[in-house]
Each structure stands twice: as structure tokens, then as C-alpha cells.
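Let me begin by presenting the structure, written as C-alpha cells, before commenting on it.
The values are calculated or read from the model by the stated rules, or taken from the named source; none is laboratory data. What you are looking at is a predicted structure, and each value in this text was computed from that prediction instead of being measured. Glycine also receives a Cβ, built like all others from the backbone with ideal geometry; neighbour counts cover every protein chain displayed. What goes into the accessible areas is simple: the full protein's heavy atoms, side chains included, and nothing from ligands, DNA or RNA. Shrake-Rupley method; radii C 1.70, N 1.55, O 1.52, S 1.80 Å.
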Amino acid sequence: MGLQKCGGCLSCLLIPLALWSIVVNILLYFPNGKTSYATSSQITNYVWYFEGICFSGVMMLLLAALLITLERDTFYQCCQSESCNKTYRSFISVVLALLGIAFSGYSVIISTLGLVQGPFCNTPSGWGYIFKDTAGGYLIEYSSWSKCTEPAHVVEWNIILFSILIALSGLQVIICFLKVIAELKRILCGTYSVFMQPGLI
């Protein structure tokens with residue numbers, strides 16, 4: 001019952017998460033705060049998948065706006081019959097929430113791959129992914145981070161930002177999943193008011 005009453009709250013939570021995802025993804029383009037690496041394509045290739053900007057960012061903002069609109073009275077003015085409200089509103093909400101799971105899930109996967117692969121950095125042997133074959137083992141081998149000489153502190157930069165992006169997208173997945181459950185319970189358990197004809201009472 002709590003999920004059904006707070007369906008709009010869940011949708012609103014997606015907005016700050018999406019905005020933070022956009023900010024974090026943008027920061028990944030500027031290791032150590034410098035723009036020169038992005039212009040010369042000397043950044044991690046997974047950043048170019050726009051997982052935080054597009055999928056867990058802009059797309060989630062659009063989905064959140066649509067879900068909030070469905071919770072408001074403006075939708076009922078367009079669809080006034082009880083059967084229409086019950087069937088189409090919940091169905092659309094479920095579809096949008098499932099899309100949200102897909103978008104944010106994509107961001108989780110791409111961000112995880114970027115974290116495991118490691119940064120694109122300069123070493124005494126030249127530019128490359130020196131941690132690619134460690135299967136993420138470099139994450140606990142702090143002494144190996146010094147092999148990346150440029151950009152400065154790029155290993156820490158990538159680890160922190162990709163981890164934040166994974167956390168933000170993961171929360172979006174959970175919220176959208178809860179939204180699906182809330183709408184399905186609303187359909188199956190029937191929280192909508194039922195109007196009875198006077199002659200049947």
C-alpha cells in the first residue's frame with residue numbers, strides 16, 4: 001500500500017539522480033579538470049557511450065516527467081472514464097518504468113565495463129589501457145596506479161566517477177523496479193474507486 005501511495009514520490013526521486021548522472025558523466029570527459037584530453041580523444045572509450053548524459057540522464061528526466069504527469073489530475077481530464085484511468089494509466093506507467101530499468105541498466109553495465117577496463121593513460125610505453133588485462137584487479141593494487149603518468153590522478157578520477165555513476169544508475173534501476181511493482185499492485189489489487197449504480201445497492 002505504501003508503494004501505491006508514494007508512486008509520485010518515486011518518480012520525483014529520478015530527477016536529481018538523472019541530473020547528477022549528467023554532471024558525473026560530463027566530468028569524465030575532463031580528467032584532472034583539463035579539456036585537452038577530450039579534444040584529442042585521450043580519454044576512456046566507454047565515456048563516449050554517453051551512459052550518464054543520455055541514458056541515465058536525459059532519457060530518465062523525460063521518463064520521470066511523463067510518470068509525474070500521469071500521477072497528476074491533468075491526465076484524468078483527458079481520460080475521464082474509470083476503466084480508461086485504471087487500464088491505460090497503469091499500463092503506460094509500467095511501460096515507462098520498464099524503459100527506465102533498461103536505460104539505467106545500460107548505464108550500470110557500461111560504467112562497470114569502464115571501471116573494470118581502467119583508464120586510458122600515458123605510460124613510459126606510450127598511451128594505452130595498461131589495466132585492461134587485470135580484470136579489475138588494479139582496483140586494489142594501489143601501487144600500480146603510479147604507472148599512469150598522464151593525465152595526473154586519472155586512475156582515482158575514473159574510479160570515483162564511474163563508481164558514483166554505477167551507484168546513481170543502480171538507484172534508478174531500484175526506483176523503476178519499485179514503480180513497476182506499485183503499478184502492478186494497483187492493477188491487480190484494485191486501489192481505484194469503484195462506482196456502483198444506485199439500483200445495485
Practice problem: Being touching a Pro at 6+ places or on another chain (Cβ under 9 Å) and open to solvent by 50 Å² or more (accessible area, probe 1.4 Å) is the filter here, so list the residues in region 131-149 that pass it. | Solution: Lys147, Thr149
Exercise. Could you check, for region 155-172, whether at least one of its residues is aliphatic (A, V, I, L, M), touching a Cys at 6+ places or on another chain (Cβ under 8 Å) and open to solvent by less than 70 Å² (accessible area, probe 1.4 Å)?
Key: yes
Practice problem: Could you please find all residues in region 19-62 being free of Cβ contacts under 8 Å to residues at least 60 places away in the same chain, among the hydroxyl-bearing types (Ser, Thr, Tyr) and assigned to a helix (DSSP H, G or I)? | Solution: Ser36, Thr39
Quiz item: Is it the case that Ala152 is more than 26 Å from the chain's Cα centre (by Cα), of a type in the set (A, V, I, L, M, F, W, C), closer than 25 Å to Ser21 by Cα and open to solvent by 20 Å² or more (accessible area, probe 1.4 Å)?
Solution: yes
Quiz item: Within the set of pairs 6 or more residues apart or between chains, which connect a residue that is under 19 Å from Val24 (Cα atoms) inside region 114-126 to a residue that is not in a loop (DSSP other than H, G, I, E, B) with Cβ atoms less than 6 Å apart?
Solution: Gly114/Tyr46; Gly114/Phe162; Leu115/Phe162; Gln117/Lys132; Gly118/Tyr138; Pro119/Val154; Pro119/Val155; Pro119/Asn158
Quiz item: If you scan region 17-54, which residues turn out to be within 12 Å of the chain's Cα centre (by Cα), modelled with pLDDT of 85 or more and open to solvent by less than 60 Å² (accessible area, probe 1.4 Å)?
Solution: Leu17, Ala18, Ser21, Ile22, Val24, Asn25, Gly52, Ile53, Cys54
Quiz item: Taking Ile92, is it open to solvent by 50 Å² or more (accessible area, probe 1.4 Å) and at pLDDT 80 or above?
Solution: yes
